[in-house]
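S.K.: Here you go, one structure.
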Amino acid sequence: MGAEKLMLLTGETALSGAVPLFDGLEDTLIQTALEGEMGSVWRCAGDGQPVAAFCMTGDFVFPAGDAEAPEALLLLEGLREQLDGRFAILTPPNELWSSRIRQVFGDRAKAGERYAIHRQKAFDTEKLTGFVSRLPKGVTLEPIAGRVYDLVMAEWWSRDFCSSFLGKEDFARRGLGVAALYNGELIGGASSYICFRGGIELEVDTREDWRRKGIATACCARLILTCMEKDLIPGWDAANRESVALAEKLGYRERGAYPVWFVNE
């Protein structure tokens, strides 16, 4: 079965039929896809209610439903063809789905972990403002817009700040971002990797030669303060323990590790 056998779910009615499959899976990247805001939701081609489906948002894929149903295997085979060698992070909701992923992707799938962080809106504004004020001399923070957006998209390490959006106009309309500049050069930033109704998911990075100087902390603090002003949830999901430590420094609380599969890494 190839990718052409998958069916993209569009429109409120079609998406609502897939929602029960994802019950209990709390992730903003799933939420935005089911809301029809960003990303996509796929099932096997056919009629009737789907018994398995996956959300794809950016590099992240979330399978759900009955992993023991024949459609689950067909769904992952279709995903494999659709990826066509492209990197993805698959997040199984249980061990049955992990078994299916191993079965379909074989040695192209590498087991790993990410770390869930509690969602929250309330932060210590005085503490965050302090982080912003302690930027290294000569470093300034600017919104990701206009020429700064162009700087972001020109560098390989920073493109994920805006790459999930349709372009500059779409990011200006729906996205939020803060860039750290030094002598006009982009050296770090924090942005909305995705947006969902009522919030964003943070993406943060610093150019390698500027790391461990408080750049990431200051950018995240400024972005969180902006979210608080706009009554938005600044969601966070950590790729490693270093990211967890930064989140906790800013006032977040860790929920715990969860398994993922890195495909075509």
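S.K.: Given the criteria crowded, with 20+ Cβ neighbours inside 10 Å, within 27 Å of GLN82 (Cβ to Cβ) and of a type outside the set (Ser, Thr, Tyr), does PHE262 qualify?
M.R.: The answer is no for PHE262.
S.K.: Can you pull out the residues in segment 236-265 that are over 17 Å from the mean Cα position of the chain (by Cα), small (Gly, Ala, Ser) and under 17 Å from PHE62 (Cα atoms)?
M.R.: none
S.K.: OK, next. Taking the options ALA72, ALA67, name whichever one is surrounded by 18 or more Cβ atoms within 10 Å (Cβ to Cβ), touching a residue at least 12 places away in the same chain (Cβ under 8 Å) and in a loop (DSSP other than H, G, I, E, B).
M.R.: So the residue among ALA72, ALA67 that is surrounded by 18 or more Cβ atoms within 10 Å (Cβ to Cβ), touching a residue at least 12 places away in the same chain (Cβ under 8 Å) and in a loop (DSSP other than H, G, I, E, B) is ALA67.
S.K.: Considering (1) of a type outside the set (D, E, K, R); (2) crowded, with 24+ Cβ neighbours inside 10 Å; (3) under 15 Å from VAL152 (Cα atoms), say which one VAL204 fails and leave the rest.
M.R.: The number of the failed condition is (2).
S.K.: Another question, then. What's the total number of residues in segment 85-117 that are loosely packed, with under 13 Cβ neighbours inside 10 Å and closer than 23 Å to GLY58 by Cα?
M.R.: 8
S.K.: When segment 86-145 is examined, which residues are found to be closer than 27 Å to ALA67 by Cβ and of a type in the set (Phe, Trp, Tyr)?
M.R.: Answer for segment 86-145, where residues must be closer than 27 Å to ALA67 by Cβ and of a type in the set (Phe, Trp, Tyr): PHE87, TRP97, PHE105, TYR115.
The rows are residues; the columns are (1) under 28 Å from LYS137 (Cβ atoms); (2) without any contact (Cβ under 8 Å) to a residue 60 or more places away in the chain; (3) surrounded by fewer than 18 Cβ atoms within 10 Å (Cβ to Cβ).
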{"position": "ALA190", "(1), (2), (3)": "yes, yes, no"}
{"position": "PHE196", "(1), (2), (3)": "no, no, no"}
{"position": "GLU208", "(1), (2), (3)": "yes, yes, yes"}
{"position": "LYS213", "(1), (2), (3)": "yes, no, yes"}
{"position": "GLY235", "(1), (2), (3)": "no, no, no"}
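S.K.: Just give me the residues in segment 8-44 being outside any helix (DSSP H, G or I) and closer than 14 Å to GLY65 by Cβ, in sequence order.
M.R.: LEU9, ASP23, GLY24, LEU25, VAL41, TRP42, ARG43, CYS44
S.K.: While we're looking at this one, here's another question. Can we say THR206 is in contact with a strand residue (DSSP E or B) (Cβ under 6 Å, 6 or more places away or on another chain) and either within 15 Å of SER243 (Cβ to Cβ) or outside the structural domain of TYR149 (by TED's automatic domain parsing) (or both)?
M.R.: Answer is yes for this residue.
S.K.: I've got another one for you. If you take the residues in segment 231-265 that are hydrophobic (A, V, I, L, M, F, W, C) and in a helix (DSSP H, G or I), which one is nearest to ARG100 (Cα to Cα)?
M.R.: Filtering first and then ranking leaves VAL244.
S.K.: Can you find even one residue in segment 163-175 that is touching a strand residue (DSSP E or B) at 6+ places or on another chain (Cβ under 9 Å) and basic (Lys, Arg)?
M.R.: Yes: one or more hits.
S.K.: If you don't mind, another one. MET228 passes all but one of (1) touching a Gly at 6+ places or on another chain (Cβ under 6 Å); (2) not in a strand (DSSP E or B); which number fails?
M.R.: The failed condition is (1).
S.K.: Follow-up question, since we're still on this one. Return yes or no: is GLY46 under 17 Å from LEU8 (Cβ atoms), buried (at least 19 other Cβ atoms within 10 Å of the Cβ) and outside the structural domain of LEU181 (by TED's automatic domain parsing)?
M.R.: Spelling it out, it is not the case that GLY46 is under 17 Å from LEU8 (Cβ atoms), buried (at least 19 other Cβ atoms within 10 Å of the Cβ) and outside the structural domain of LEU181 (by TED's automatic domain parsing).
S.K.: I've got another one for you. Go over the candidates GLU254, GLU265 one by one and state the one that is modelled with pLDDT under 95 and outside the structural domain of VAL148 (by TED's automatic domain parsing).
M.R.: After ruling out the rest, the residue left standing is GLU265.
The values are calculated or read from the model by the stated rules, or taken from the named source; none is laboratory data. On a predicted model such as this, the values are computed, not experimentally measured, just so you know. Because the Cβ atoms are built from the backbone with ideal geometry, glycine has one as well, and the counts that use them run over all protein chains shown.
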